[in-house]
1. Using 7 Å Cα-to-Cβ label points, what is the residue 255/residue 320 separation (nm, one decimal)?
2. What is the extension gain from residue 311 to residue 213, computed as 0.36 nm multiplied by their sequence separation minus the C-alpha to C-alpha distance, in nm to one decimal?
3. Given a cut-off of under 8 Å on Cα pairs at least six residues apart, what relative contact order in percent is computed for the chain?
4. For residue 264, what charge total do you get from the other residues with a beta carbon under 11 Å from its beta carbon, if Lys and Arg give +1 and Asp and Glu give -1?
5. List residues of segment 239-273, by number, whose backbone nitrogen lies under 12 Å from a label position 7 Å along Cα→C-beta of residue 227.
6. Given the whole protein assembly as supplied and a 1.4 Å probe, what does the accessible area of residue 79 come to in Å², nearest 10?
7. Roughly how many Å² is the accessible area per residue of the chain, as a whole number, for a 1.4 Å probe?
8. Working out 0.36 nm times the residue gap between residue 87 and residue 334, then minus their Cα-Cα distance, what length gain in nm do you get to one decimal?
Amino acid sequence: YELTTPPGENPAALTAYGQRQKNLAMLLVTGAENITYGDAERKPIEKLQVELGSYMMLVQQARDNHQRGDTTAMLAAYRASAEAIDNMLLPTAEELDEVNWRELERIYAQQQKDGIGSIGLALLSGTGLVAVLVALQLFLNARMRRTLNPFLLLATILAVGSVLDTTRIFLSTGHHLKVAKEDAFTSLHTLRKGRAIAYSANAAESRYLLDKAFAAKHDKAFFKHVDLIAKLPSGMTYDRLLSSVRSGHMPSGFTGFLADELNNITFPGERDAAVKTLDAFSRYFAIDAQIRQLEKSGQHQAAVALCIGTNPGQSNWAFEEFKKAHTKTMDINKAEFDRAIEASFQTLDGFEVKMPILMGAIALFTFLGLRPR
């Protein structure tokens, strides 16, 4: 945005750039501190750090040339910086994301498998223990003519209770894990990727106005990014799509990150937030059409003003409204993710202490029940 206006006339763009640069540096530090999968994570992070430095140098060159009024040199540096983002930074970030996503999928699948095995083992061993205790009762009844052995009865009750409680804990933990991963985190991952693509689309919109020699290229990139976020079925408008989605019907052929989120609605308020996100994106997209129409009709300054404007009805305002709705959808899923993880820990709380005590009590009551009278 800074380069689309005369030097010094868009200080907000400079402030926003500085803040995002700071946020990115902090995220890279956080990522570096959380390396879990060796070089598969380390190398992309190192590459991001190196390429980010090169990108910022090119951005500064573009800004310096803009200050001097050297449009040709400014555009050359700007194109190089844009290529650095498109060809180096974004693919590397995608590689890092893919590494972590694959590991998450693998570990989750293994945990699901282990959970089923644990439930089966608990049922098998617990049922076997109960069967032995019942068999002892029957044996003593046959040999000693005693109707019930109180201690063995207590041991049997504790054994049945421990089996039921262990099964409940494993099933409950598995359910909370499913909510956290499949319902909440999958939506968060989808929404976060959609957010990144939305920033790329917004950048392509500005490039379309700034770099006229490559306007067709930037135009194509914009619509490619839009399709990744929300690709409408052939012949359908956003109004018809929104009407259909609000009624709970997902039209065939509607794809993209927002479609994926709407297909994974689970939590209270999530559908309403996701529909509002789609609605806000449709308004942003409609304003983009106005920008292109102004540019094609020779009204370049009006197109720029509409693109970088922050008043209601202008593009940056619409993009911020989209981000607000998008953030609310993510916040709903983030809160449910945290709630599911906390519930899982609460379910397991004290399990490692309770079970040895129960097993010890069962052994003690069994010993007392078999002790010679």
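1. 3.5
2. Working: separation 98, 0.36 × 98 = 35.28 nm, distance 2.90 nm.
Gain on extension, residue 311 to residue 213, equals 32.4 nm.
3. Working: 337 pairs, mean separation 62.6, N = 373.
Once normalised by length, the contact order is 17 percent.
4. Working: positive: 271; negative: 182, 183, 260, 261, 270.
Overall, the nearby charge balance is -4.
5. Label zone hits: 255-256.
6. 70
7. On the way: 20650 Å² over 373 residues.
With the other protein chains kept in place, the chain gives 55 Å² per residue.
8. Numbers: separation 247, 0.36 × 247 = 88.92 nm, distance 3.09 nm.
Extra length from residue 87 to residue 334 when fully extended: 85.8 nm.
The values are calculated or read from the model by the stated rules, or taken from the named source; none is laboratory data. Just so you know, these numbers come straight off a predicted model, no measurement behind them. Virtual Cβ from ideal backbone geometry, glycine too; neighbours counted across all protein chains shown. Protein only, heavy atoms only, side chains kept; ligands, DNA and RNA dropped before computing areas. Shrake-Rupley method; radii C 1.70, N 1.55, O 1.52, S 1.80 Å.
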